[in-house]
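To start, the structure under review is shown below, and the notes come after it.
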Amino acid sequence: MNILLATDGSKYSHEAAWLLSRLPHPDHLDLTVLTVLAPPIAAFYSPTKQFMDQICDDDRKFAESEQAKITQMFAGANATIQCEIVEGRAQERIIEYAQKIRADLVVMGAKGHSQ
């Protein structure tokens, strides 16, 4: 089964990942853990550009850390896990990625960090 697990590091996405990791799955899982980052918009010449770049770096490090936690939830499972971080609008990128990998199932929390 090919599953896309979308996460933003919120408690709801952790709960969704935890539930998925505890469900019985006798067949092998191909699991992609996807985080979509929405980079802030800063003008190329803006004095805040360096600050915005630091925010983007921090967001990426947070995403990598959260994905590592989710990967640990599946330790010992019959699963191949791939972690991906992309940029853009979450709702659009999740759908695009699900189509790209031909996901059989998309798992995500009920709500997350954004509105």
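The values are calculated or read from the model by the stated rules, or taken from the named source; none is laboratory data. Because the structure is a prediction, the values reported are computed rather than measured. Note: ideal-geometry Cβ built from the backbone for every residue, glycine included; neighbour counts use all protein chains shown. Side chains included, ligands, DNA and RNA excluded: accessible areas come from the protein's heavy atoms. Shrake-Rupley method; radii C 1.70, N 1.55, O 1.52, S 1.80 Å.
Within the group Asp53, Asp27, Asp59, which residue is charged (D, E, K, R) and within 17 Å of the chain's Cα centre (by Cα)?
The match here is Asp59.
Please tell me if Val36 is in contact with a Gly (Cβ under 7 Å, 6 or more places away or on another chain), more than 17 Å from Asn2 (Cα to Cα) and open to solvent by less than 50 Å² (accessible area, probe 1.4 Å).
Taking the combined requirement at face value, the residue satisfies it.
Looking at Ile81, Ile85, Ile94, which one is closer than 13 Å to Leu4 by Cα, open to solvent by less than 50 Å² (accessible area, probe 1.4 Å) and outside any helix (DSSP H, G or I)?
Checking each option against the conditions leaves just Ile85.
If we keep just the residues of the stretch 1-33 that are in contact with a Gly (Cβ under 7 Å, 6 or more places away or on another chain) and part of a loop (DSSP other than H, G, I, E, B), which is most open to solvent (accessible area, probe 1.4 Å)?
Let us first name the residues in the stretch 1-33 that are in contact with a Gly (Cβ under 7 Å, 6 or more places away or on another chain), namely 8, 10, 12-13, 15-16.
From what's left, part of a loop (DSSP other than H, G, I, E, B): 8, 10.
On the way: Asp8: 54, Ser10: 6 Å².
Only one residue fits best here, namely Asp8.
Taking the stretch 66-76 only, how many residues are modelled with pLDDT of 95 or more, open to solvent by 50 Å² or more (accessible area, probe 1.4 Å) and not aliphatic (A, V, I, L, M)?
Residues meeting the conditions: 2.
Within the stretch 1-35, count every residue that is within 14 Å of Met73 (Cα to Cα) and among the β-branched types (Val, Ile, Thr).
Within the stretch 1-35, residues that are within 14 Å of Met73 (Cα to Cα) and among the β-branched types (Val, Ile, Thr) number 3.
Quick check on the stretch 45-59. Is at least one of its residues over 19 Å from Ala98 (Cβ atoms), aliphatic (A, V, I, L, M) and either free of Cβ contacts under 8 Å to residues at least 60 places away in the same chain or out of contact with any helix residue (DSSP H, G or I) (no Cβ under 9 Å at 6 or more places or on another chain) (or both)?
Yes, the conditions are met somewhere in the stretch 45-59.
Based on this model, can you work out whether Arg102 counts as closer than 20 Å to Gly9 by Cβ, of a type in the set (Lys, Arg) and open to solvent by 50 Å² or more (accessible area, probe 1.4 Å)?
no
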